[in-house]
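Below is a structure I'd like to ask you about.
The values are calculated or read from the model by the stated rules, or taken from the named source; none is laboratory data. Keep in mind the model is a prediction, meaning the values are calculated, not measured. Neighbour counts run over all protein chains shown; Cβ positions are idealised from the backbone, glycine included. The accessibility values were calculated without ligands, DNA or RNA, using every heavy atom of the protein model including side chains. Shrake-Rupley method; radii C 1.70, N 1.55, O 1.52, S 1.80 Å.
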Amino acid sequence: MISRTRAIRILEKAGCSPKVIEHCKTVALLAVEIAEKIRANGKEVDIRLVEAGALMHDLGRCRTHGISHAVEGFELARELGLDPKIAEIIKRHIGAGISEEEAEEIGLPAYDYFPRSLEEKIVAHADNLVGGTRRITIEERVGRMQKKHIGKEVTLRVEKLAEEIEEISC
């Protein structure tokens, strides 16, 4: 598993902006907090994978700030030889996932982008709870999504993921 220092160096070398890197650091801190609470509740979770995945989740923002940053980051992670589990976190971190059909509609490769593993879910949830470098509530995230006219089905997924993670971390 890559270290925090190496992950940050990879982001810098790839050309991610300081703002993106600071966002990734904030998401990683929150994701690790969540993972530690889940572990304290007796559930198995790979905290090192959570931290590495959270640090790398926006790697693709060195190429684009659009929704395709997840796919770009996934491809770049594979090119760099990163652990496939980290690459999957990068690919599946958008909101609370995107179906294969939705992906095609918005111009992404046809693929199921829903977070599956606990580690993927933790990173996606932590990312939803960080705006820039500020922690926000799930209500704030949903409000931001509604202002962007993101559909009810998608915002419900974000709320459902939040409920799922909160249930096992409290």
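List every residue pair whose Cβ atoms lie under 7 Å apart, where the two residues are 6 or more positions apart in sequence or sit on different chains, the first residue falls within the range 80-108 and is within 18 Å of residue 48 (Cβ to Cβ), and the second residue, located anywhere, is assigned to a helix (DSSP H, G or I) and open to solvent by 40 Å² or more (accessible area, probe 1.4 Å).
What qualifies is 87/78.
Follow-up question, since we're still on this one. Across the range 48-73, what is the number of residues that are open to solvent by 30 Å² or more (accessible area, probe 1.4 Å) and either closer than 20 Å to residue 30 by Cβ or among the basic types (Lys, Arg) (or both)?
4
Report whether or not residue 69 is in contact with a Gly (Cβ under 7 Å, 6 or more places away or on another chain) and under 28 Å from residue 14 (Cα atoms).
yes
Does the range 82-92 contain any residue that is open to solvent by less than 30 Å² (accessible area, probe 1.4 Å), under 23 Å from residue 134 (Cα atoms), in contact with a His (Cβ under 8 Å, 6 or more places away or on another chain) and modelled with pLDDT of 95 or more?
Within the range 82-92, one or more residues are open to solvent by less than 30 Å² (accessible area, probe 1.4 Å), under 23 Å from residue 134 (Cα atoms), in contact with a His (Cβ under 8 Å, 6 or more places away or on another chain) and modelled with pLDDT of 95 or more.
Has the range 74-81 got any residue that is closer than 20 Å to residue 122 by Cα, among the hydrophobic types (A, V, I, L, M, F, W, C) and crowded, with 21+ Cβ neighbours inside 10 Å?
Within the range 74-81, one or more residues are closer than 20 Å to residue 122 by Cα, among the hydrophobic types (A, V, I, L, M, F, W, C) and crowded, with 21+ Cβ neighbours inside 10 Å.
Please determine whether any residue of the range 93-113 is within 25 Å of residue 2 (Cα to Cα) and surrounded by fewer than 15 Cβ atoms within 10 Å (Cβ to Cβ).
There is no residue in the range 93-113 that is within 25 Å of residue 2 (Cα to Cα) and surrounded by fewer than 15 Cβ atoms within 10 Å (Cβ to Cβ).
Considering the range 1-20 alone, what residues qualify as being part of a loop (DSSP other than H, G, I, E, B) and farther than 24 Å from residue 65 by Cβ?
1, 3
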